[in-house]
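The structure under discussion appears below in the form of structure tokens.
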Amino acid sequence: MIDSIKGPIFFKDPASVVLDMHGIRLKLSITVATYNSLPDKGMKTELLTYLNVREDLMELYGFANQEERNMFMMLNTISGIGPRSAMNILSGSNPAEFKKNIIAGDVKSLTVIPGIGTKTAKRIILELKEKYVDQDDDSMGFMLDSDDGKAGDAIIALMALGYKRGRVNQAIRSLESAGELNGSIEDIIKKALKKL
């Protein structure tokens, strides 16, 4: 596996870049976000890569950062979405926004991306939502209010019941945004269980 490629830019456009590797020029398919992060022609850059090998072709894909490549790899696990479709999806959204829309189950926001219809959007949400929610998601923006330990106690209790942390945090966030994070710990747990 070619993990990354570093070299001066020979050519670039919003869909591809050609890097000069000591006289060997390699063409990589890229997203619009990666294109926007590239330096000027002739300047050196390093891109993370993914090599797609099939019987009849070899394609090299380039990414500006690990987050983008990880999302590309996850999209490739979905039936009916190949590398080119994954690149179109990534070009039509940024990874953080895309992840948020998946977790929220927002079909409409995904169908705005070129190449994604309602059916594909539902399949993406179905297959990726659990992967995102099950991740240890301290980075997803939910912070417990240090003045109110009830929400924290409710999270601990729900995890003790066997629910995964990501799903519990999502339920508590949902209660918080609806203004329902009130009452006793038991009340919060009951409300959260309805969301789980």
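The values are calculated or read from the model by the stated rules, or taken from the named source; none is laboratory data. Quantities reported herein were computed from a predicted structural model and do not represent experimental measurements. Here the Cβ is made from the backbone with ideal geometry for all residues, glycine too, and neighbour counts use every protein chain on show.
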Selection from the range 10-53 of residues that are of a type in the set (Phe, Trp, Tyr), surrounded by 13 or more Cβ atoms within 10 Å (Cβ to Cβ) and assigned to a strand (DSSP E or B): Phe10, Tyr50
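Residue by residue, here is whether (1) small (Gly, Ala, Ser); (2) out of contact with any helix residue (DSSP H, G or I) (no Cβ under 7 Å at 6 or more places or on another chain); (3) under 23 Å from Pro95 (Cα atoms) holds:
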site: Ser4; (1), (2), (3): yes, yes, yes
site: Leu19; (1), (2), (3): no, yes, no
site: Leu26; (1), (2), (3): no, yes, no
site: Thr31; (1), (2), (3): no, no, yes
site: Asn36; (1), (2), (3): no, yes, yes
site: Asp40; (1), (2), (3): no, yes, no
site: Met74; (1), (2), (3): no, no, yes
Some residue of the range 63-72 being part of a strand (DSSP E or B) and in contact (Cβ under 8 Å) with a residue 12 or more places away in the chain: yes
Residue satisfying all of: in the range 14-50; over 20 Å from Asp3 (Cβ atoms) and of a type in the set (A, V, I, L, M); nearest to the chain's Cα centre (by Cα) among these: Val32
Residues of the range 173-190 satisfying the condition of being within 29 Å of the chain's Cα centre (by Cα), without any contact (Cβ under 8 Å) to a residue 24 or more places away in the chain and outside any loop (DSSP other than H, G, I, E, B): Ser174, Leu175, Ser177
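So that you can scan it fast, the table gives a plain yes or no per residue for (1) modelled with pLDDT under 85; (2) exposed (fewer than 13 other Cβ atoms within 10 Å of the Cβ); (3) outside the structural domain of Ala15 (by TED's automatic domain parsing); (4) not in a helix (DSSP H, G or I):
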position	(1), (2), (3), (4)
Leu90	no, no, yes, no
Phe98	yes, no, yes, no
Pro114	yes, yes, yes, yes
Lys122	no, no, yes, no
Met143	yes, yes, yes, yes
Asp147	yes, yes, yes, yes
Ala151	yes, no, yes, no
Met159	yes, no, yes, no
Ala171	no, no, yes, no
